[in-house]
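The values are calculated or read from the model by the stated rules, or taken from the named source; none is laboratory data. It should be emphasised that the depicted structure is a prediction, and the values quoted were computed from it without experimental measurement. Neighbour counts run over all protein chains shown; Cβ positions are idealised from the backbone, glycine included.
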Amino acid sequence: MKEKTKMPYWKDKIHEVIYEADTPAGKWFDLILFAVIIVSVILVMLESVKEFDAKYHQTLLTLEWVITIFFSIEYIARIICIRKPWKYILSFYGIIDFLSTIPLYLSYIIAGSQVFLAVRAFRLIRIFRILKLVQFIGEASQLKQALKASRAKIAVFIYVVLILSVIMGTIMYLIESDEAGFTSIPRSIYWTIVTLTTVGYGDIAPQTNIGQFIATVIMILGYGIIAVPTGIVTVEFSRYSKKKPGEDPKVAVHLNTQSCPTCSAEGHRDGARHCFNCGEKLR
């Protein structure tokens, strides 16, 4: 079987800087990328302020071009430094990187560039990739496992809340009049959810004594309901944080940010020689 050719040295170095954070160069790149993302999102928000945009439009446009060119170079570099570019291009972060790069280019092709403001805000999602820094790996892994272990309990809890909202909403529809705003069962359910979550828009309010009593009960229940999901996740997080790597395969904490140069898979165990996803040899 023919052995695959080794990646050129320059591609290997680019891959190490862009995809990993174990080296000083990789850490600096992530910090610079973090700063650029924050600045770009601030520019998007400032551009939406008409008075500010009218006064500093040219400056904002120039800065946006600088950021777009930076993201474009980074996107191309991520593609050329791995053996299977489509693995990155079609990945979640690959799509986010693409969507956060093209808005300015499209604004010169398609009229109405304001539509792309929301697309540019996707750049903020890229910060999650930067959280692969060594000091966050253990905590991120434990939080991920805690959320995964809690999903069944949280799903049941949400189902119970929805049933309660439907029942209470129906009761309020029968008790209150149309003048109070309870014109239908769906609208009454909307009021129940708003009250239960302690949001309280105030657009609908019960007028009868019984309705106000039920509203009081729902408000009190709301405080307890908000605390339940937090408690579920906290218990699971505490359980996983007490375990040591090796006691449970699911609690393995990765202390490196090594990325496969072929398929870009991350989360390899310490000391791993081959990629768990494609089997290629790691550096």
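From the list E20, E51, E47, E74, the lone residue that is touching a Gly at 6+ places or on another chain (Cβ under 6 Å) and either in the same structural domain as L124 (by TED's automatic domain parsing) or closer than 26 Å to C278 by Cβ (or both) is E20. Checked against (1) closer than 20 Å to P103 by Cα; (2) surrounded by 16 or more Cβ atoms within 10 Å (Cβ to Cβ), V39 passes all but condition (2). Is it fair to say L282 is touching a helix residue (DSSP H, G or I) at 6+ places or on another chain (Cβ under 8 Å), surrounded by 14 or more Cβ atoms within 10 Å (Cβ to Cβ) and at pLDDT 70 or above? It is false that L282 is touching a helix residue (DSSP H, G or I) at 6+ places or on another chain (Cβ under 8 Å), surrounded by 14 or more Cβ atoms within 10 Å (Cβ to Cβ) and at pLDDT 70 or above. For segment 12-30, the set of residues classified as in contact (Cβ under 8 Å) with a residue 24 or more places away in the chain and touching a helix residue (DSSP H, G or I) at 6+ places or on another chain (Cβ under 9 Å) consists of I14, H15, E16, I18, Y19, E20, A21, D22, G26, K27, D30, listed by residue number. In contact with a Ser or Thr (Cβ under 9 Å, 6 or more places away or on another chain), assigned to a loop (DSSP other than H, G, I, E, B) and modelled with pLDDT under 90: does that describe V253? Yes, satisfied. Given the condition touching a residue at least 24 places away in the same chain (Cβ under 8 Å) and touching a Phe, Trp or Tyr at 6+ places or on another chain (Cβ under 6 Å), answer yes or no: does some residue in segment 88-99 qualify? Yes, that holds for at least one residue.
Among the residues of segment 10-28, those identified as over 16 Å from Y88 (Cβ atoms) and either polar (S, T, N, Q) or under 24 Å from the mean Cα position of the chain (by Cα) (or both) are A21, D22, T23, G26, K27, W28.
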